[in-house]
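Comments concern the structure below.
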Amino acid sequence: MSSSTTSTTVPNMGSSIQTMDTFTEAVKSYVSMDSQCKLHQHKIKEYRDARSKLENLITDYMAKNRISTINISDGQLQLASQSVKQPVTLTSLKESLDEYFKATPIVANQVFEYIKSRRVEKHETYIKRLDTSS
């Protein structure tokens, strides 16, 4: 990571903000940390993209040359594989219910609507930063 003069600790404000001055300082700190997060997230994305390209090249080479393990300075890299099932989405659930209840599409739709209505909704309050510089 790059050296930065921005502190990564939360200013000592106690458990709540009591004054406008403290609020202003909290907002300034938040915006500074948010900017640093965006900068680092962008860099991390670049690293992940580059790593992914290298991983594809390395796994292709290992598979073609029947290499299962490579020794590296701090351990090993091992060629592995796994099967991953697609997540259950509303679309896939509807399709599965329609197929299962082929003879009674009304029942399929009733079950689908029941499952949809039982989903728990979670509400969160957060700060959304809008860029108005353009």
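No lab work stands behind these numbers, since they all come straight from the coordinates. What you are looking at is a predicted structure, and each value in this text was computed from that prediction instead of being measured. We place every Cβ from the backbone using ideal geometry, glycine too, and count neighbours over all the protein chains shown.
Listed values, structure above:
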quantity	calculated
Calculated from backbone phi, Karplus (6.51, -1.76, 1.60) coupling profile of segment 42-48 in Hz, x at Gly/Pro	5, 5, 4, 4, 4, 4, 5
Virtual paramagnetic centre 7 Å along Cα→Cβ of ASN109, amide N under 20 Å, in segment 77-94	90-94
Cα-based Lys proximity count in segment 62-118, under 22 Å, for pairs eight or more positions apart or on separate chains	5
Paramagnetic label zone (point 7 Å from Cα along Cα-to-C-beta, LYS102; backbone N under 16 Å) in segment 59-91	none
Normalised alpha carbon radius of gyration of segment 28-81 [divisor 2.2 N^0.38 Å]	1.73
Sequence-distant aspartates and glutamates (8 or more away, or on other chains) whose Cα lies within less than 14 Å of LYS128	ASP34
Loop-located chymotrypsin sites (Phe, Trp or Tyr not before Pro) in segment 58-134, at most 12 other Cβ atoms within 10 Å (DSSP)	TYR126
Residues THR89, THR132, THR59 arranged by fewest to most Cβ contacts within 10 Å	THR132, THR89, THR59
Label corresponding to Rg and Dmax of the Cα atoms in Å when calculated from the structure given, among [x] 13.3, 40; [y] 25.5, 68; [z] 15.5, 45	[y]
Cβ-derived FRET efficiency at R0 22 Å, THR125 paired with SER92, nearest 0.05	0.10
FRET efficiency estimate (nearest 0.05) - Cβ-Cβ, SER133 to SER15, R0 30 angstrom	0.35
Using a Förster distance of 30 Å, the FRET efficiency for ALA80-LYS43 (Cβ separation, nearest 0.05)	0.65
